Amino acid sequence: AAPLIPENPWAGFKLEAPASMDQAGQFVLDAERDFLRGRRPLSELGDVIEQWKRTGGEEGREFMSGALESGEE
């Protein structure tokens, strides 16, 4: 089965993500736990995504996309 495992595109990269990306990620993990434990309705998922984008998620996504593209050259 090992030959069928796709190559990890991040293999060999050592990046330091923006601090805002880490904070946004922690917010999503906390919200995920709330959803799974029934403390928050799933109807709030859109709000969680929008807050993730505003608080550093979109910045982090752009950072990681740029890093991946620069490594392909």
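Potential lengthening of the chain between E16 and E69 amounts to 17.5 nm, from the contour at 0.36 nm per residue minus the alpha-carbon distance.
Helices in the chain, meaning DSSP H runs of at least 4 residues, each add -39500 (n - 2.57). Divided by all residues, the mean residue ellipticity at 222 nm is -17500 deg cm²/dmol.
Counting heavy atoms of the protein chains alone, V28 has an accessible area of about 50 Å² for a 1.4 Å probe. With the biggest extent put first, the Cα atoms of the chain measure 43, 33, 17 Å across the principal axes.
Sorting R54, R61 by solvent-accessible area of protein heavy atoms yields R54, R61, largest first, with a 1.4 Å probe. Evaluating 6.51 cos²θ - 1.76 cosθ + 1.60 at θ = phi - 60° for every residue in the stretch 45-60, the Karplus couplings come out as 4, x, 5, 4, 5, 5, 5, 4, 4, 5, 9, x, x, 5, 4, x Hz, glycine and proline recorded as x. Surface composition of the chain: carbon plus sulfur atoms contribute 54% of the solvent-accessible area (1.4 Å probe, protein chains only, all chains present).
The values are calculated or read from the model by the stated rules, or taken from the named source; none is laboratory data. The structure displayed is predicted, hence computed values, not measured ones. Calculation scope for accessible area: heavy atoms of the full protein, side chains included, ligands and nucleic acids excluded. Shrake-Rupley method; radii C 1.70, N 1.55, O 1.52, S 1.80 Å.
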